[in-house]
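The structure appears below as structure tokens.
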Amino acid sequence: MSSAKTGMWITLIGALLILLDGIVVLATGKFYGWHYGSTSTVGWIEIILSLIMLGLAYYL
């Protein structure tokens with residue numbers, strides 16, 4: 001059985017990966033798959049959502 005600490009680490013690692021992906025999308029202008037919107041929209045939404053995840057993990 002996993003602990004809350006394990007779940008928190010998984011959340012933090014996931015948020016950092018999403019943040020990195022958003023930065024890479026903005027830097028390269030390319031992303032894989034089908035999305036609503038341009039590369040700029042996809043990159044900024046990923047960055048914003050990952051920062052929200054990191055903020056919630058910090059305060060909760």
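The values are calculated or read from the model by the stated rules, or taken from the named source; none is laboratory data. Keep in mind that this is a model prediction, so the values were computed, not measured. Quick reminder, even Gly has a Cβ in these numbers, built from the backbone with ideal geometry, and neighbours come from all protein chains shown. Areas reflect the complete protein model, heavy atoms only, side chains present, ligands, DNA and RNA absent. Shrake-Rupley method; radii C 1.70, N 1.55, O 1.52, S 1.80 Å.
Annotation note: chymotrypsin sites (Phe, Trp or Tyr not before Pro) in the chain located in DSSP loop regions with a Cβ neighbour count of at most 14 within 10 Å are Tyr32, Trp34, Tyr36. Thr41 exposes around 60 Å² of accessible area when a 1.4 Å probe is run over every protein chain in place. On alpha-carbon atoms, Rg over Rh for the chain using Kirkwood Rh? So for the chain, dividing Rg by the Kirkwood Rh gives 1.08.
Would you work out what percent of the accessible area of the chain, with all protein chains in place, is carbon or sulfur (probe 1.4 Å)? Please report the intermediate quantities before stating the final value.
Numbers: 3540 of 4810 Å².
Carbon and sulfur together cover 74 percent of it.
Rolling a 1.4 Å probe across the protein heavy atoms gives the chain an accessible surface of 80 Å² per residue. With a cut-off of 14 Å between beta carbons, the residues surrounding Tyr32 carry a summed charge of -1, where Lys and Arg count +1 and Asp and Glu -1.
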